[in-house]
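To start, the structure under review is shown below, and the notes come after it.
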Amino acid sequence: MTAGIIIFLVILLLPVTLTAVHYFRRTIELGRALDRANERRREITNFLSRFSTGLQEEDGVEGAMHAAARHVAEQTDAESVAIYEVSGNELRVIGVCGTYPLIHSSNQLLFSRHHHLFEALRREEIPIGRGFLGGLATTRQAELVPDASADPRFTEYPDFANFGSVMAIPLLREGILVGVVCAATNRLRPGSPFSEAQFERLRLLSGQVQMVQNLIKVYSEISERERIDQELDFARHLQQSLLPPAFPAWDQFSIDAYTRSAKEVNGDFYDFVEIDDDRLLIIIGDASGKGIPACMLTAMTRSYARCFAAAGSFTTLSDFLRKINEKLFQDTDADRFITLGCCLLSRKNSLLEFGRAGHTDLVSYVHGHIRTFSPAGTGLGILPDDFANFDTICLAIEPGSSVMMYSDGLSEALNKEQEEFGLARLTEVFKASCEVGGTPQAVINRVMDSVITYEVEQNDDQTIVLIRHTGRR
């Protein structure tokens, strides 16, 4: 009776016991998986720590890639590791650790210093499809070579007879080859091939190497944007310094100006330079191109203009433009030039001399009539002094009349049909604005509002300068 009860209890408790054993084993497996996950997390954390430390070193990105190579070498027990990236149709080394032997130079001095070896490896161009590494990049299949000295694919290297085991993994991002990581010589067991465990370890670490490449790409893009932002900030400050802080009060003349940039920085500029107690030089310029290069060219031109205007030897506008042209022709590239419009205003006898160097026409409003003036002159910096010629005209400025200089960003503004605003429409708007009256700034605002309303998108810098004879001193 007692034995029957025992058997009954065993049968009754057997499923519970088996379930308990199953859960016990499952708990052990989960614990081991958790340990592996924690180990992987520690590895990645350590790896990222090395990566960030490498970035902070003097070598920057190169230091980070060398740190990544060191990490791979340590984790796989390899004597040396090289990381390659795809550049066009070639592989190029971007990080190295140890005396990496897969190099086409036989100069042993390269192995005495890490940076010497890296520079030599970086200069090597490995065509995709040629040799061991190039072939692996083509097949995109990982390889473990037990003895590279016996493999004909390594005979292109001068020291191949002394090679040991080599293993390499292609780096793929969304099916596209982005690089290769290669380890050479088993440090754990010198003279023996890498084990399957070491090979699998390298395969797992290749994901971390790819992560480094992605991080470096992001880091480089951020650094590039920061550099561009710094350059743009510098250029904006430079541009602001080019513009006069205030408009001159010139007795019976009232002068105002406005500029509107198509990009972060402006290739147009205007300036006012007092020649003497009687004469004021008013300049408007438009550099070829846009952005920072155009801004730098305007800075050069403004500097030359102020230097020649204030040198005490100013004679005529023609001579003034020739001097600037000579300097720009000597100091700028052939594809860089600037157009300039200049008005020399005399308050003593209300005369205005106008000269231009490839710039837009001068437009005047007198007694309800519009006139345009376009003396001959090529852009500055295009022709040598022997071939450059600049004509000027002189006109009297009567009370109530206005004179406008502008850049072609106004007349060439495009509507949705790709039709230009044009000189005819610009002069009509200018005439109507002058007839309404108001300050020079009010006239400028009305002209600019018409252009902005007309155009779909601003494609060029826009600048306007207005000179008005008020009739009172």
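Values quoted throughout were computed directly from the atomic coordinates according to the rules given, and no laboratory measurement underlies them. Note that the coordinates shown come from a computational prediction; the quantities given were computed from them, not determined experimentally. Cβ: placed from backbone, ideal geometry, glycine included. Neighbour counts: every protein chain shown.
Considering segment 352-416, what Rg and Dmax in Å follow from its alpha-carbon atoms?
Cα-based Rg and Dmax for segment 352-416 come out at 14.3, 44 Å.
Please give the residues of segment 313-339, grouped as numeric ranges, whose backbone N is less than 15 Å from a label point set 7 Å along the Cα-to-Cβ vector of residue 351.
315-318
Identify, among 114, 182, 138, the residue whose Cα sits farthest towards the positive end of the charge dipole of segment 113-194, taking +1 on the Cβ of Lys and Arg and -1 on the Cβ of Asp and Glu, with the dipole about the Cα centre.
Farthest towards the positive end: 114.
If R0 is 30 Å, what FRET efficiency do you get for residue 458 and residue 374 from their C-beta distance, rounded to 0.05?
Numbers: r = 25 Å, r/R0 = 0.84.
Calculated transfer efficiency: 0.75.
Enumerate by residue number the trypsin sites (Lys or Arg not before Pro) in segment 69-174 meeting two conditions: DSSP loop (anything except H, G, I, E, B), and at most 16 other Cβ atoms within 10 Å of the site's Cβ. Show your work: numbers first, answer last.
Details: sites: 70, 92, 113, 122, 123, 130, 140, 153, 173; in loops: 113, 130, 140.
Listed in order of number, the matching sites are 113, 130, 140.
What percentages make up the Cα-Cα pair-distance distribution of segment 269-353 when the bins are 10 Å wide from 0?
Over segment 269-353, the share of Cα pairs per 10 Å bin runs 17, 51, 25, 7, 0 percent.
Residue 253's amide H: which non-local residues (gap 5+, or another chain) put their own amide H closer than 5 Å, with H modeled 1.01 Å from N in plane and none for Pro or chain starts?
Residues meeting the amide H criterion: 470.
Which ³J(HN,Hα) values in Hz, rounded to whole numbers, follow from the phi angles of segment 356-364 under the Karplus curve 6.51 cos²θ - 1.76 cosθ + 1.60, where θ = phi - 60° and Gly and Pro get x?
Going residue by residue, I get 9, 10, x, 8, 6, 5, 8, 10, 10 Hz, with x marking Gly and Pro.
Largest first and in whole Å, what are the equivalent-ellipsoid semi-axes of segment 384-473 based on the Cα gyration tensor, each being the root of 5 times an eigenvalue? Present the calculation step by step, with values, prior to reporting the outcome.
Working: eigenvalues 122, 102, 20 Å².
For segment 384-473, the semi-axes come out at 25, 23, 10 Å.
Taking 25 Å as R0, compute the FRET efficiency from the Cβ-Cβ separation of residue 424 and residue 470 and round it to 0.05. Write down the numbers at each step before the final one.
Values: r = 28 Å, r/R0 = 1.12.
Efficiency computed from Cβ-Cβ geometry: 0.35.
Once phi is turned into θ = phi - 60°, what whole-Hz ³J(HN,Hα) does the Karplus curve with 6.51, -1.76 and 1.60 give for every residue of segment 208-213, x standing for Gly and Pro?
5, 4, 4, 4, 4, 4
If you stretched the chain out fully between residue 386 and residue 105, how much longer would it get, using 0.36 nm times the residue separation minus the C-alpha to C-alpha distance?
Values: separation 281, 0.36 × 281 = 101.16 nm, distance 5.55 nm.
Between residue 386 and residue 105, full extension yields an extra 95.6 nm.
For residue 233 and residue 204, FRET efficiency with R0 = 35 Å and r from the beta-carbon atoms, rounded to 0.05? Don't skip to the end; give the middle numbers.
Details: r = 44 Å, r/R0 = 1.26.
Between residue 204 and residue 233 the formula returns 0.20.
Between residue 310 and residue 431, what length in nm is gained on full extension when 0.36 nm per residue of separation is reduced by their alpha carbon distance?
This chain segment gains 40.1 nm when fully extended.
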